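Working notes for the structure below.
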Amino acid sequence: MKFLADGLGATLIVEGVETLSILDAMGNLSQDLVQGYAIARPMDAAAFLQFLRSDPTFPTPKLPISLLGAYAAHVLRRPLLYSLHAEMSDLSAVEFLERSPLLQYLRLYPSLRTKPILEAYGKLRELDQQSSQGVKQRLQEIEENLQPLVFAAIRAADEES
């Protein structure tokens, strides 16, 4: 949506940013303006003025701080992965994946919930050893299998918090 808004010269405001995970994802998707409970609860005018005077700032971490944020950063990089592989760039898919924010997050915060995601990532990393024929199709198939695993783990994490 941000790309569409930028292309139209419009400002996009993402509403419904209710949790820190969603706020993390929006930051990793480079959304400029967000609104929701993760920032502040509804308040009357006096409380809002006090809120503004307190100079609320939100940290912008270099790496995602949640699984949802890591997956958002991964999705944002996916077209680049496909184009690099299509162009047979010197940067291999494996090297690119090793720098993936999702893989870094999974390694930093291992859990039983995220183990299947890390195993699916292992299959993506094996692609470099195959011939280039059909690799893009295989990447897409593995990505499609990866998505429900990530969503299940995100839902489980949200239910715990």
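Please treat every number below as a calculation from the coordinates, not as lab data. Treat the numbers as computed from the prediction; the structure is a model and nothing was measured. Note: ideal-geometry Cβ built from the backbone for every residue, glycine included; neighbour counts use all protein chains shown.
Descriptive notes on the structure:
- Label separation (Leu118 vs Asp32): 3.9 nm, computed from points 7 Å beyond Cα along the C-beta direction.
- Measuring max minus min along each principal axis, the C-alpha atoms of the range 1-80 give extents of 46, 31, 19 Å (largest first).
- Sparse packing (at most 13 other Cβ atoms within 10 Å of the Cβ) combined with a DSSP loop state is found for the following trypsin sites (Lys or Arg not before Pro) in the range 1-77: Lys62.
- Model label sites at Thr57 and Asn145, defined 7 Å from Cα along the beta-carbon direction, differ in position by 4.6 nm.
- Using a Förster distance of 22 Å, the FRET efficiency for Phe48-Leu4 (Cβ separation, nearest 0.05): 0.10
- A Förster radius of 22 Å combined with the Cβ-Cβ distance from Arg78 to Ala156 puts the calculated FRET efficiency at roughly 0.40.
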